[in-house]
2 protein chains.
Amino acid sequence: MSKARKFMLITLGEELLLGLTQNGHLTYIGDQLRQRGVTLHSNYTISDESDDIDDQFEYCWKRADVLITIGGLGPTVDDRTKEALAEALGESLVFDDAILESIKERFERIGKPMSENNRKQAYRPENAEALENPLGTAPGLWLEKEGKILVMLPGPPNELQPMFASQVIPRLESLGYIDEKENYLQLRTIGIGESALETLFEPVFNSRKSLSVAYCAHQGQVDCRISFPDQPGRMDDLQTIANHCKEMLGEHFLSFGHDSTVTIVSNILRDRNETLALAESCTGGMISNEFTNLQGASDVIVGSVVSYSEKVKIESLGIPEGLIQSCTAVSAEVAEAMASGVATKLGSDYALSSTGYAGPGGGTKENPVGTIFIGLHTPNGVRSKRFSWNGGRLGIKKHALNAALELLRRELISSEPVESDPLNSGAPANT
Amino acid sequence: MSKARKFMLITLGEELLLGLTQNGHLTYIGDQLRQRGVTLHSNYTISDESDDIDDQFEYCWKRADVLITIGGLGPTVDDRTKEALAEALGESLVFDDAILESIKERFERIGKPMSENNRKQAYRPENAEALENPLGTAPGLWLEKEGKILVMLPGPPNELQPMFASQVIPRLESLGYIDEKENYLQLRTIGIGESALETLFEPVFNSRKSLSVAYCAHQGQVDCRISFPDQPGRMDDLQTIANHCKEMLGEHFLSFGHDSTVTIVSNILRDRNETLALAESCTGGMISNEFTNLQGASDVIVGSVVSYSEKVKIESLGIPEGLIQSCTAVSAEVAEAMASGVATKLGSDYALSSTGYAGPGGGTKENPVGTIFIGLHTPNGVRSKRFSWNGGRLGIKKHALNAALELLRRELISSEPVESDPLNSGAPANT
């Protein structure tokens, strides 16, 4: 068990403050530390102005055991993190031939000339160690000083994330600053509100005084995290409590841990050697994209047809032209014909379909913007469900994705063979 | 023109620090202020612990003109923002009957009983004004004190965003703290590195001493934002400089403002009354999803086939079985056959295709994981390009998406009629 250390994160870049780029750094670093039993203490997002960097660094260096900075290590003049922090720590910058060599090598590999301003990136604080960056020119830096650790990483996610995983995590591990796993248990629920959930669990949680409980609601799903903050080793007790909660939840139980609905559904299908096809109109490829983001997706997904025109619905999905004319393209009948059509054409056991008005244009009096029909084809027949949501185009697409996944999940758990319980299994069989 | 004020944002919530939820508050508030000529100075993400709130509030209140807090206004005991900040400001909490009334009304509207702990939400700092929350129980709070402004908002995005837009923005406007529009100009570039770009622009920028320049690199694209921070009214001068840069960039010029490649490509196709189809293997629906996120997508996209199995490639795209056997599914030949196949089957002018190994499984010696062929069908023929990327499955899919969009953009701008210049036009004809 690691001693509790205070981890702080400074993220630099005006594009974050201008709302032009999501602060994915916080999500990534927070997630990485959480998986290893550490809760990030705080995150500070500031600009690249030297005064701001100085101010914030002073505040954090006083309070942190481990301070991570992301950004401001690029070759241009507005990249000032390394210079400002070295000065604040009384470190002089030394030119490191080894860093220059690896920058040169990188330019050779990608077949482009090195600009003169890249030489700036070969300087490092005298007591810092360079962390190699195989995917970019800015090395990371690791500096132990005054009993604290300073880690500086470059801003591009595809550069910093592998550097953090392969170079920072092992160093923190060897110092005993992080653990091997989470120190809490998460219970995911679906289709039940936060306050109803709190009321449901009250009798179980209230009798355990040292238990810490936190709820987090997002789009029809509520996650509940439980832990014993003062006794982080009591994972078995947490599991016993969580099992009790699972029983109370019934079909509202989604998963232990962090598996999302798409992962759960994919794992069930894989375990049962069954396949899925998709016929997407209003979701436009979103469902298909979600499934194919998972490794080993080709075990489960045979293919998808995005039918954004009637011609495609008729020719690629085999929907009778008369059906669209008599029922309109946004109807239960067409949703069902799409699901069965794609299952037949592509040869799958199950199929999901979507048709509706994601907006902002379109819609009719009976089926205004936000109305979406989801079709589900199964080995035993086909059915559909009508939904109606508010929100922008992307929000409505996302709602439709979640509803389609949940429709399929309910079908699969109600039809699953009694002898297997893939929802409650350990490691999924991802390939 | 507003006087420059320092805006700071404190976001509260452990789920942000644990990496379980994206900090969308920063993106939203940053974007709202940016659109009104203000750059958010900094964002601090902390937990709901009282000590952390006290510490951070003291730091920010000293430095900010406007301090916005988001979160910690809920009814439960772990919501402490209002209490902590009132105490720090020497404000006593007074019970506000009008707030209680609107909480009661809300519960009546949704037909649920008000629980006793909701009464806590009817207290406000004595000098604060309540900001109505029509979509939740926690009112926002507006407090002017010591020549500064403190705004407290509840955490759920669907509650705080309308409150900010309809109640906070007008108050800031009437005080002259914000403007009506952005005060910088953004130039988007593609296919040229950050350091090469800085070198290219140096002669233009260096002669203008009061010009502020910032670069932001993301996956093959570099954005360059220019402004005159001390003379925010000089937008025409910025445009003249940006036009000069555009000429220097040639085909590396992407757009002025915030349009992404997918928007640019969609607008060109719409203006020319031309259509696009997609045949996606390794990108699995990502390209299609990206296009259909745009409103009016059905003007441009006829449909898409995600071929995650050979059967689909053969039957839905009409690729000869012998071609897959002789060239393998991951080859230039199959990428081209997919593009032409989908254009023919779905009846489009252009088509993009993708086939490759997104990983982590699969790959061959010649074409290891990360190898992807992108096919492009045009009215004048078909061609393809082989790419090779590092990174995880999602990163590789994203690279393939960007490469496909850029391939199509280059084709469109090199073949566009001389009389029109949609890249440089004003409002796009989105429907």
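Roughly how many debye, to the nearest 20, is the charge dipole of chain A about its Cα centre, given +1 on each Lys and Arg Cβ, -1 on each Asp and Glu Cβ, and no other charges?
Values: 40 positive and 59 negative charges, 195 e Å.
That gives a dipole near 940 debye.
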Work out the charge dipole of the stretch A:185-256 with +1 on the Cβ of Lys and Arg and -1 on the Cβ of Asp and Glu about the Cα centre, then indicate which of A:Ile226, A:Cys245, A:Leu200 is farthest towards its positive end. A:Ile226
Tilt of helix A:235-249 relative to the longest C-alpha principal axis of chain A, in degrees (0 to 90, nearest 10)? 30 degrees
Between B:Leu135 and A:Glu202, what FRET efficiency comes out of the Förster formula 1/(1 + (r/R0)^6) with R0 = 30 Å and r the beta carbon distance, rounded to 0.05? 0.70
What does chain B give for Rg and for Dmax, in Å, if only its C-alpha atoms count? 26.8, 81
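Loop-only check: which GluC sites (Glu not before Pro) in the stretch B:150-259 are DSSP coil with at most 16 other Cβ within 10 angstrom? Don't skip to the answer; put the middle values down first.
On the way: sites: B:Glu159, B:Glu173, B:Glu180, B:Glu182, B:Glu194, B:Glu198, B:Glu247, B:Glu251; in loops: B:Glu180, B:Glu182.
Passing sites in the stretch B:150-259 are B:Glu180.
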Selection of trypsin sites (Lys or Arg not before Pro), the stretch B:105-182, meeting DSSP coil and at most 13 other Cβ within 10 Å: B:Lys181
Considering the dipole of chain A built from charges on the beta carbon (Lys and Arg +1, Asp and Glu -1) around the Cα centre, which of A:Ile268, A:Phe107, A:Ile149 is farthest to its positive end? A:Ile268
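Placing unit charges on C-beta atoms (Lys and Arg positive, Asp and Glu negative, everything else neutral), compute the dipole magnitude of the stretch B:137-234 about its Cα centre in debye, rounded to 20. Intermediate values should be presented prior to the final figure.
Details: 9 positive and 12 negative charges, 26 e Å.
I would put it at about 120 debye.
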Interchain or sequence-distant (5+) residues whose placed amide H lies within less than 5 Å of the amide H of A:Val305 are A:Leu278, A:Ala279, A:Glu280, B:Val306
Counting other chain Cβ atoms within 10 Å of each Cβ in A:30-38 and taking the mean gives 3
Quotient of C-alpha Rg and 2.2 N^0.38 Å, computed over the stretch A:261-416: 0.96
Classify the stretch B:7-174 as rounded, prolate or oblate, taking a ≥ b ≥ c as the square roots of the eigenvalues of its Cα gyration tensor: rounded when a/c is under 1.5, otherwise prolate if a/b is larger than b/c and oblate if not. rounded
Distant-in-sequence amide H partners of A:His218 (H built 1.01 Å from N, under 5 Å): A:Asp223
Compute the acute angle (0 to 90°) between the alpha-carbon long axis of helix B:194-206 and the principal axis of greatest extent of the alpha-carbon atoms of chain B; round to the nearest 10°. 70 degrees
Could you check the simple spin-label distance between B:Glu310 and A:Glu105, using points 7 Å along Cα→Cβ, in nm with one decimal? 4.0 nm
Residue-wise HN-Hα coupling along the stretch B:263-274, computed from phi with Karplus coefficients 6.51, -1.76, 1.60 (Hz; x: Gly, Pro): 5, 4, 4, 4, 5, 4, 4, 4, 4, 9, 6, 10
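Over the alpha-carbon set of the stretch A:185-256, divide Rg by the Kirkwood Rh and report the Rg/Rh ratio to two decimals.
On the way: Rg = 11.5 Å, Rh = 12.2 Å.
Result for the stretch A:185-256 is an Rg/Rh of 0.94.
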Given pairs A:Lys209/A:Lys246; A:Lys385/B:Lys345; B:Lys246/B:Lys398; B:Lys313/B:Lys385; A:Lys120/A:Lys148 and cut-off 28 Å on Cα-Cα distance, the over-length ones are A:Lys385/B:Lys345
Applied in sequence order to the stretch B:7-15, the curve 6.51 cos²θ - 1.76 cosθ + 1.60 (Karplus, θ = phi - 60°) yields integer Hz couplings, x standing for Gly and Pro, of 9, 10, 10, 10, 10, 10, x, 5, 5
Could you work out the equivalent-ellipsoid semi-axes for the protein assembly as shown, taking the square root of 5 times each eigenvalue of the Cα gyration tensor, largest first, in whole Å? 41, 36, 29
Which residue, B:Ala358, B:Leu160, A:Val330, has the largest displacement toward the positive end of the dipole of the protein assembly as shown when charges sit on each Cβ (Lys, Arg +1; Asp, Glu -1)? A:Val330
Filter the GluC sites (Glu not before Pro) in the stretch A:347-420 down to the DSSP loop ones having no more than 15 other Cβ atoms within 10 Å, then list what survives. A:Glu366, A:Glu419
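We did not get these values from a lab; they are worked out from the coordinates using the rules stated. Since this is a predicted model, take the numbers as computed values, not measurements. Virtual Cβ from ideal backbone geometry, glycine too; neighbours counted across all protein chains shown.
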